[in-house]
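Working notes for the structure below.
The values are calculated or read from the model by the stated rules, or taken from the named source; none is laboratory data. A quick note: this is a predicted structure, and the numbers were derived from the prediction, not measured. Here the Cβ is made from the backbone with ideal geometry for all residues, glycine too, and neighbour counts use every protein chain on show.
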Amino acid sequence: MASRWNSRVSIIFIFCLPELLLSAVVTLDSIEIYTTHEWLSSTPTVYFRCSGEKKTVLPDVKKTHTAYHFMGEESFQPLTDFSSKKCKRCGFYEKDHIKFDDVFDEWEFCPSDFTPPDGRYMHTKDKEFNATFLCDDCIKKAIGNVANIDTDSNHDKKGHGMQWYIMIILVSVVASILIIMGLFVAYKYWLKRKRQQEQARFLKLFEDTDDIEDDLGIGPLSDSI
């Protein structure tokens, strides 16, 4: 019974929160620190952390003005991952043995920061550090979203185009029917007028014949008897 309930909850969770299942992993490609803040130690302890997440210590970063490059397969990788389009408050810090940890920099870390073609993002803080991050999944998902938007827009355009096409056909059919009806009414009116004119000419012909008979003294046979 409990397993069925868990399965149902999982299914509901998947359908209701699909974005949470789309994880985009972020790795550190390179970093160079320009200064240290810990006076009691010559070898600083540098770490990365996003708000609400655990620290990721960079064990190899010990010297200033030294560029450290990584393969993305180190034990401390990945730094973090994006489960949605929302940004995170993240930063690089240096462990302090006496007071609060020192801050190299804190900033809004967003999936949209990563640019094609390889999903690279560089963040620099003057006199503090220079770091490069990689998130190939961020680019793939952004391209996928754009493709979906383009597909939807194409469908919308086709739908609107089809609606206009149907409307034009309907208007053309209605206009044709009205023209045919108008021609038919005009033809019937012309026939009526033609009959009236013929009747008028016929009556006028009889009137002219009666006038001629009167002029010649020819009248109906009943009058001469």
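Please work out if K127 is under 30 Å from T36 (Cβ atoms), at pLDDT 90 or above and out of contact with any strand residue (DSSP E or B) (no Cβ under 7 Å at 6 or more places or on another chain). Walk me through it before giving the result.
Numbers: under 30 Å from T36 (Cβ atoms): yes; at pLDDT 90 or above: yes; out of contact with any strand residue (DSSP E or B) (no Cβ under 7 Å at 6 or more places or on another chain): yes.
So K127 passes the test.
Here is a check on your reading of the model: is D105 closer than 19 Å to V46 by Cα, assigned to a loop (DSSP other than H, G, I, E, B), in contact with a His (Cβ under 9 Å, 6 or more places away or on another chain) and of a type outside the set (V, I, T)? Write out each step before concluding.
On the way: closer than 19 Å to V46 by Cα: yes; assigned to a loop (DSSP other than H, G, I, E, B): no; in contact with a His (Cβ under 9 Å, 6 or more places away or on another chain): yes; of a type outside the set (V, I, T): yes.
Answer is no for this residue.
Return the residues of segment 108-124 that are part of a strand (DSSP E or B), surrounded by 16 or more Cβ atoms within 10 Å (Cβ to Cβ) and out of contact with any helix residue (DSSP H, G or I) (no Cβ under 7 Å at 6 or more places or on another chain); say none if nothing qualifies.
Those that are part of a strand (DSSP E or B), surrounded by 16 or more Cβ atoms within 10 Å (Cβ to Cβ) and out of contact with any helix residue (DSSP H, G or I) (no Cβ under 7 Å at 6 or more places or on another chain): F109, R120, H123.
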Margin query: I'm trying to understand the selection: among the residues of segment 64-106, which are within 19 Å of E128 (Cα to Cα), in contact with a Phe, Trp or Tyr (Cβ under 9 Å, 6 or more places away or on another chain) and among the aromatic types (F, W, Y)?
Written below: F92, Y93, F104
Note to self: Looking at the structure I just gave you, is K127 outside any strand (DSSP E or B), over 33 Å from the mean Cα position of the chain (by Cα) and at positive phi?
What the structure shows: yes
Notebook entry, point to check: Which one of the conditions (1) at pLDDT below 90; (2) more than 30 Å from P116 (Cα to Cα) does I177 fail to meet, given that it meets all the rest?
Noted result: (1)
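Could you please let me know if E108 is of a type in the set (D, E) and within 31 Å of the chain's Cα centre (by Cα)?
Numbers: of a type in the set (D, E): yes; within 31 Å of the chain's Cα centre (by Cα): yes.
Taking the combined requirement at face value, the residue satisfies it.
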Check: If a residue has to be among the hydroxyl-bearing types (S, T, Y) and under 36 Å from the mean Cα position of the chain (by Cα) to count, how many in segment 56-87 make the cut?
Finding: 3
Item checked: Qualifying residues in segment 88-100 (those that are surrounded by 15 or more Cβ atoms within 10 Å (Cβ to Cβ) and over 16 Å from K125 (Cβ atoms)) - the one nearest to the chain's Cα centre (by Cα) -> K88
Check: Pairs under 6 Å by beta carbon, first residue in contact (Cβ under 8 Å) with a residue 12 or more places away in the chain in segment 62-88, partner of a type in the set (D, E) and in a loop (DSSP other than H, G, I, E, B), six or more apart or different chains?
Finding: Y68/D60
